[in-house]
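Read the figures in this text as sums done on the coordinates, not as results from a lab. These numbers were taken from a predicted model, which means no experiment stands behind them. For neighbour counting, all protein chains shown are included, and Cβ atoms are generated from backbone atoms with ideal geometry for every residue, glycine included.
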Amino acid sequence: MFWVLVEGGLDVKSQESLLLKSLGFRAKPSPKSPGPVPPLLWKMFQKRTNPGPSAKESKGRCWVEEFNVPGNIVRVFPDQGGDIHGEETQSWLCLQKRLYFNLSALDEEEVPTMAQLEIKFSHNLYQASGPARPYVLSLYRAPQIALRGVSGHGSGRQVLVEQPFTHFHESFLFEVTELANEWRGPDGNPGLILEISAPASPNGTLCSGSFLETSLLVVSLVPGQCKSTRPKRSPYFVPEAVSNVCKPRQLYISFSDVGWENWIIAPQGYMANYCLGECPFPLTVELNSTNHAVLQTIVHSLDPEGTPQPCCVPVRLSPISILYYDNNDNVVLRHYEDMVVDECGCR
């Protein structure tokens, strides 16, 4: 069972609270309307679960190679904005929409290292036949007044992007890291205004906001939870005749056993392992002993009542990645250091 990792006289709820806190959660996630897992996050999770022999750790473990940025948490935020309907909306506009992404799930210590806005059309539809007169996709900084549902059209806006296109089967990606950091500042998060300008005779169906999907992928880093890459040591093998010597023992942790299966998407569990065994005199190189442990063993052999033996503890651990829903129904991919015991030693 999972609870063997948290010892003491606390009840199960208190143990769970301490464990969640150690994993970076303020409370146990309880998703209300979880949506599908974005394909990119599935792909990233599977790559980290089965890295293959060519996987590299040259830039450290908290590095998201897909975007070439540091990070140990990847979130996808759905758009919570809505269509803008106002008297001043221009006739040449096919669509005017406010984009809003609730970044409150990011803790204060998290540092966003990349934010990528994706705008795509959910149907592979083409513009009507005839001379190609492109649509134009425009992004603006939203004025604060847009938060109250008032039209964002006006002279106070700052244009960020203007992208012409002719087909509605395209997906647009925009890097908005600077904006995401501003949205966490004291001025708040007014979001963005998205406009699609139409040709002379736009297709009304294509101009419907229901054919549009927008999301914000944010990579963030919690510096204190990352460690630089450590060289791997070759596993040592202990003769089977000496079964009580310090070495890793198998321990599988099932998330369903602790009632976390409703918010953890994958994995369903993992082989965590633990260290158990004696550190006998004389200590050998195979037991990964420190000089201090060797001297302590010698002193223990001379004074067993006054000096304890060294302890069998983890000396090399490896990370895992967890894919889960947070309390805002966002899908999160998070990297956790030191979750699997790979090697034990006497210390």
Sequence-distant or interchain residues sharing an amide H contact under 5 Å with Ala266, placed H: which? Leu323
Most packed first (mean Cβ within 10 Å per residue), the peptides 93-103, 318-328 order as 93-103, 318-328
Report, by chain and number, residues whose modeled amide H sits under 5 Å from the one on Leu95, excluding near sequence neighbours (fewer than 5 apart, same chain). Ile196
List the residues, sorted by chain then number, that are 5 or more residues from Arg316 or on another chain and whose placed amide H is less than 5 Å from its amide H. Asp342, Glu343
Diffing segment 329-343: the Karplus 3J(HN,Hα) column from phi (6.51, -1.76, 1.60, θ = phi - 60°), in whole Hz with x for Gly and Pro, holds 6, 7, 8, 10, 10, 10, 9, 10, 6, 6, 10, 10, 7, 9, 8
Karplus-derived 3J(HN,Hα), 6.51/-1.76/1.60, for each residue of segment 70-80, Hz, glycine and proline x: x, x, 10, 9, 10, 10, 10, 9, x, 6, 10
Spin-label model distance (nm) - Leu160 vs Ser122, 7 Å beyond Cα toward Cβ: 2.3
Given the Cα-Cα distance of Leu93 and Asn50 and 0.36 nm per residue of separation, how much length would full extension add, in nm? 10.8 nm
Between Arg249 and Arg184, what is the FRET efficiency for a Förster distance of 41 Å, r being their Cβ-Cβ separation, to the nearest 0.05? 0.40
Could you work out how much longer the chain between Val111 and Thr290 gets when fully extended? Use 0.36 nm per residue separation minus the Cα distance between them, nm to one decimal. 60.8 nm
Per-peptide average of other Cβ atoms within 10 Å, ordering 28-37, 332-341 highest first: 332-341, 28-37
May I ask you to evaluate 6.51 cos²θ - 1.76 cosθ + 1.60, the Karplus curve with θ = phi - 60°, for each residue of segment 11-20 and list the ³J(HN,Hα) values in order in whole Hz, giving x for glycine and proline? 6, 4, 4, 5, 4, 5, 5, 5, 5, 4
